[in-house]
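Working notes, structure below.
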Amino acid sequence: MKHRLLRILLSCALLTFGVTAASAAAGAPASASSCYTWGRTLSQGSSGSDVAQLQIRVAGWSGYDNVIAVDGVFGPATKAAVERFQAAYGLGVDGIAGPQTFGEIYALQKSDCTPLHFAYSEMNQCNTTWSGGAVSAATAKADAFQIMWKLEALRHALGDHPITVTSGFRSYGCNSADGGVADSRHLYGDAADLVPSAYSLCTLAREARYHGFSQIFGPGFPGHDNHVHVDYAPTHDWSAPTCGI
């Protein structure tokens, strides 16, 4: 009787394991994130706030001289960015954001939604309130959140070597003290001054062209020989003459 009971329990355990394995192979939902969890698979034609959250996180994979609009509409540009994200992290490339893609994003984001290698504290070395700039404090912080995800993509593309943000958001007072131009994008929170650790400034500036930054200023541009400035202003302007940009 005991042997029969053991056989029954073993059979149940194997059956449970088989069902679990089959579910995983079929793409069971990825573990939820304490920051943000997607509740459905997203693909071209999808729309909604969950698409906008996805766009923020893949905007750094926009491709050369392209900027992804965070508009909640999953169009061809978003699909291409998802494909580049998938390729960069060794996932199956289909342009569809499902359990594997979300699982990779969950692994990259911290509990406050910021990406693994960047933080609000380094994006605002001016004050603790995000106030005093050209936009509201909430907007400045939201802009910084978006640029951090682009920086995460840039960092990964360059081999995951550290990138240091020397200046992010600035109030008007901080911008003046730093010698910034009157209409600096730092006032909006969507800019960052960067220095790398394992490669040249020119390598950083050249690679930035592929990761959703509309403005890039680096070596050879006045006042930028010791750092690379990136932002996503509405206008397009790249200048790093020493680097051939």
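The values are calculated or read from the model by the stated rules, or taken from the named source; none is laboratory data. Worth saying up front: this structure is predicted, and the values here are computed from it rather than measured. A quick note on method: Cβ atoms are made from the backbone with ideal geometry, for glycine too, and the neighbour counts reach across all protein chains shown. SASA here: full protein model, heavy atoms, side chains in, ligands and nucleic acids out. Shrake-Rupley method; radii C 1.70, N 1.55, O 1.52, S 1.80 Å.
Specify the residue with the greatest mean-square fluctuation among Gly218, Gly39, Gly189, computed from a Gaussian network of the chain linking alpha-carbon atoms under 10 Å apart.
Gly39
Could you tell me the relative contact order of region 156-225? Use alpha-carbon pairs under 8 Å, at least six residues apart, and round to a whole percent. Spell out each step's value before the answer.
Working: 69 pairs, mean separation 21.8, N = 70.
Reported relative contact order: 31 percent.
What trypsin sites (Lys or Arg not before Pro) does region 42-141 have in DSSP loop regions with at most 15 other beta carbons within 10 Å?
On the way: sites: Arg57, Lys79, Arg84, Lys110, Lys141; in loops: Lys110.
Those satisfying the criteria are Lys110.
Does region 130-175 come out rounded, prolate or oblate by the C-alpha gyration tensor, with a ≥ b ≥ c the root eigenvalues, rounded set by a/c under 1.5 and, if not, prolate when a/b is larger than b/c and oblate if not?
Details: a/c = 4.88, a/b = 2.09, b/c = 2.34.
Judged from the Cα gyration tensor, region 130-175 comes out oblate (a/c at least 1.5, b/c at or above a/b).
First compute the accessible area of the chain with a 1.4 Å probe, then give the percent of it belonging to carbon and sulfur atoms. Display every interim value, and only then the final one.
On the way: 6660 of 11530 Å².
Solvent-exposed carbon and sulfur of the chain make up 58 percent of the total.
Less than 14 Å Cβ to Cβ from Ala134, Lys/Arg counted +1 and Asp/Glu -1: what total charge do the surrounding residues give? Before the final figure, lay out each step's value.
Values: positive: Lys141, Arg170, Arg185; negative: Asp143, Asp183, Asp190, Asp231.
Charge balance in the 14 Å sphere: -1.
Sum -39500 (n - 2.57) across every DSSP H segment of at least 4 residues in the chain, then divide by the residue count to get the 222 nm mean residue ellipticity, nearest 500.
-12000 deg cm²/dmol
May I ask you to work out the translational diffusion coefficient for the chain at 4 °C, viscosity 1.567 mPa s, via Stokes-Einstein with Rh from the Kirkwood sum over Cα pairs, reported in whole µm²/s?
66
How tilted is helix 49-58 with respect to the longest principal axis of the chain? Cα atoms for both, answer in degrees (0 to 90, nearest 10).
70
What does the charge count near Asp143 come to, summing +1 for each Lys or Arg and -1 for each Asp or Glu among other residues with Cβ under 13 Å from its Cβ? Working shown, then result.
Working: positive: Lys141, Lys150, Arg170, Arg185; negative: Asp190, Asp231.
Here the charged neighbours net out to +2.
State, to one decimal in nm², a quarter of the convex hull surface area for the C-alpha atoms of region 50-155, i.e. the direction-averaged projected area.
Here the figure is 7.1 nm², rounded to one decimal.
In percent, how large is the relative contact order of the chain, given Cα pairs closer than 8 Å and 6 or more residues apart?
17
Run the numbers on region 61-129 and let me know its relative contact order in percent, using alpha-carbon pairs under 8 Å that are six or more apart.
Here the relative contact order equals 18 percent.
If the reach is capped at under 15 angstrom between alpha carbons, list the aspartates and glutamates near Lys79, excluding any in the same chain fewer than eight residues apart.
Partners found: Asp50, Asp71, Asp94.
Enumerate the amide H contacts of Gly63 below 5 Å, restricted to partners 5 or more residues apart or on another chain; note that Pro and chain-start residues carry no placed amide H.
Amide H to amide H, under 5 Å and 5 or more residues apart or across chains, Gly63 pairs with Gly212.
Ratio of region 83-216's C-alpha Rg to 2.2 N^0.38 Å, to two decimals?
On the way: Rg = 15.7 Å, N = 134, 2.2 N^0.38 = 14.1 Å.
Normalised Rg, Cα atoms only: 1.11.
Can you give the angle from 0 to 90° between the axis of helix 76-88 and the longest principal axis of the chain, with both taken from C-alpha atoms, to the nearest 10?
Computed tilt is about 70 degrees.
Please sort by residue number the chymotrypsin sites (Phe, Trp or Tyr not before Pro) in region 153-245 whose DSSP state is loop and whose Cβ has at most 11 other Cβ atoms within 10 Å.
Here no chymotrypsin sites (Phe, Trp or Tyr not before Pro) fit, given the DSSP loop and packing criteria.
Would you mind checking which residues have amide H under 5 Å from Thr166's amide H? H placed 1.01 Å from N; only 5 or more apart, or other chain.
Those qualifying (amide H under 5 Å, at least 5 residues apart or on another chain) are Asp193, Leu194, Val195.
With a probe of 1.4 Å, find how much accessible area the chain has per residue, and write the answer as a whole number in Å². Walk me through the numbers before you get to the answer.
Working: 11530 Å² over 245 residues.
Heavy-atom accessible area per residue stands at 47 Å².
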